[in-house]
Amino acid sequence: MKKILVTGSKGQIGVELVQYLRNIYGCDNVTATDIKKIPGPASEGGPFELLDVTDGNAVAAILDSKKIDSIIHLAGILSARAESDPQLAWETNMNGLYTVLEAARPRNCALLFPSSIAAFGPGTPLEDTPQDTIQRPNTIYGVTKVAGELLCDYYHKKFAMDTRGLRFPGLISYEALPGGGTTDYAVHIYYEAVAKGKYASYIAKGSFMDMMYMPDALESIVKLMEADPSKLKHRCAFNISAMSVDPEAIAASIRKQIPGFELFYNVDPLRQAIADSWPDSLDCSAAREEWGFAPKYDLDAMTVDMLNRLRIK
């Protein structure tokens, strides 16, 4: 049975992933960590440790005390927040990853790293973005994601570490609000549709970005973590996505369930500029071929489930 450490467990992915993993591997086998303790299942439903991922001694101590063999390294600063504090983003995203890799290396721990569509940039083909293509992001978040992909590849080639990674699209969840990403509007729009029947989007009409419903993201993490390593050619940076949508597409899907829903625009120049530098749609064929990536939710199926669950929160 795996012994798993999750960093950044209070983030949008972590709050759901920890419980998802505990249901599969057992509560005692999944240790959640974060720099702060926040009440909830991640910190109260099983082992939890306070952890600054830039503190190598603290990382090593937890790996030893919990006999960890697999790390899912989610700790990081997201795109919009990173632009407001690039020094913190570099320290957390890059130095944190390096510190965790260095602690994991002599202990033969596997590591899964979440990259992002932010790893691409204005020079990347926008449509059906290839698995292997030019990556010249113009945000500090994107820079840390490209560097993180390369660093994980290096540790695999240099030290034979079992490193793996996913390029996540925008993730949509009913359990937790996101924390400073450019695609956050695609979560907020559902909350506001239920609460107010209207929403003012900070991302402009026609700005297509890749998205995925959280249940598909969680399943993808476990699928890749459990995949046969001999079949993995693109270890640390698999494109994954379930849909390519703009605000109008989401609003149209919501109106099938809430006919009077109104969408307005109050575009944020910072986040719009970031969105404009990202691809419109991804080629996910490598993930399908190498480890069986197969999302279950399209836009309308996600909308029905999101609205139903938000109504009973």
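The values are calculated or read from the model by the stated rules, or taken from the named source; none is laboratory data. Keep in mind the model is a prediction, meaning the values are calculated, not measured. With ideal geometry, Cβ positions are generated from the backbone for all residues, glycine too; neighbour counts draw on all protein chains shown.
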TODO: Would you tally the residues in the range 289-300 being assigned to a helix (DSSP H, G or I) and either touching a Pro at 6+ places or on another chain (Cβ under 8 Å) or surrounded by 15 or more Cβ atoms within 10 Å (Cβ to Cβ) (or both)?
DONE: 3
TODO: Please report, ordered by residue number, the strands (runs of 3 or more DSSP E) entirely within the range 183-282 with at least 1 residues that are under 18 Å from the mean Cα position of the chain (by Cα) and surrounded by fewer than 19 Cβ atoms within 10 Å (Cβ to Cβ).
DONE: 243-245
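Would you mind stating whether ALA58 is over 20 Å from the mean Cα position of the chain (by Cα), under 26 Å from PRO137 (Cβ atoms), among the aliphatic types (A, V, I, L, M) and at pLDDT 95 or above?
Working: over 20 Å from the mean Cα position of the chain (by Cα): yes; under 26 Å from PRO137 (Cβ atoms): no; among the aliphatic types (A, V, I, L, M): yes; at pLDDT 95 or above: yes.
It is false that ALA58 is over 20 Å from the mean Cα position of the chain (by Cα), under 26 Å from PRO137 (Cβ atoms), among the aliphatic types (A, V, I, L, M) and at pLDDT 95 or above.
Just to be sure before I move on: is ILE38 over 25 Å from LEU270 (Cα atoms) and in contact with a strand residue (DSSP E or B) (Cβ under 8 Å, 6 or more places away or on another chain) in the structure I sent?
Details: over 25 Å from LEU270 (Cα atoms): yes; in contact with a strand residue (DSSP E or B) (Cβ under 8 Å, 6 or more places away or on another chain): no.
Judged against the criteria, ILE38 is not a match.
Would you confirm whether any residue within the range 151-166 is within 17 Å of PRO279 (Cα to Cα) and of a type outside the set (A, V, I, L, M, F, W, C)?
Step one: of the range 151-166, the residues within 17 Å of PRO279 (Cα to Cα) are 166.
Restricting the remaining residues to those that are of a type outside the set (A, V, I, L, M, F, W, C) gives none.
No.
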Task: Residue list for the range 109-128, filter: within 11 Å of ASN239 (Cβ to Cβ) and in contact with a helix residue (DSSP H, G or I) (Cβ under 8 Å, 6 or more places away or on another chain) - done: SER115, SER116, ALA119, PHE120
Open item on the list: If ALA186 satisfies all but one of (1) in contact with a strand residue (DSSP E or B) (Cβ under 7 Å, 6 or more places away or on another chain); (2) over 23 Å from TYR20 (Cα atoms); (3) not β-branched (Val, Ile, Thr), what's the number of the condition it fails?
Closed with: (2)
Open item on the list: Can you pull out every residue in the range 33-74 that is outside any loop (DSSP other than H, G, I, E, B) and farther than 17 Å from ALA103 by Cβ?
Closed with: PRO41, ALA42, SER43, GLU44, PHE48
Task: Number of the exception - GLY45 against (1) buried (at least 18 other Cβ atoms within 10 Å of the Cβ); (2) under 19 Å from ILE221 (Cβ atoms) - done: (1)
TODO: State which residue is nearest to GLY180 (Cα to Cα) when the search covers only the range 132-147 and only residues that are buried (at least 18 other Cβ atoms within 10 Å of the Cβ) and touching a residue at least 60 places away in the same chain (Cβ under 8 Å).
DONE: TYR141
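Residue-by-condition table, conditions (1) touching a residue at least 60 places away in the same chain (Cβ under 8 Å); (2) farther than 24 Å from MET225 by Cα; (3) out of contact with any Phe, Trp or Tyr (no Cβ under 8 Å at 6 or more places or on another chain); (4) surrounded by 14 or more Cβ atoms within 10 Å (Cβ to Cβ):
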residue: ILE35; (1), (2), (3), (4): no, yes, yes, yes
residue: LEU51; (1), (2), (3), (4): no, no, yes, yes
residue: ASP69; (1), (2), (3), (4): yes, no, yes, yes
residue: ALA110; (1), (2), (3), (4): yes, no, yes, yes
residue: ALA119; (1), (2), (3), (4): yes, no, yes, yes
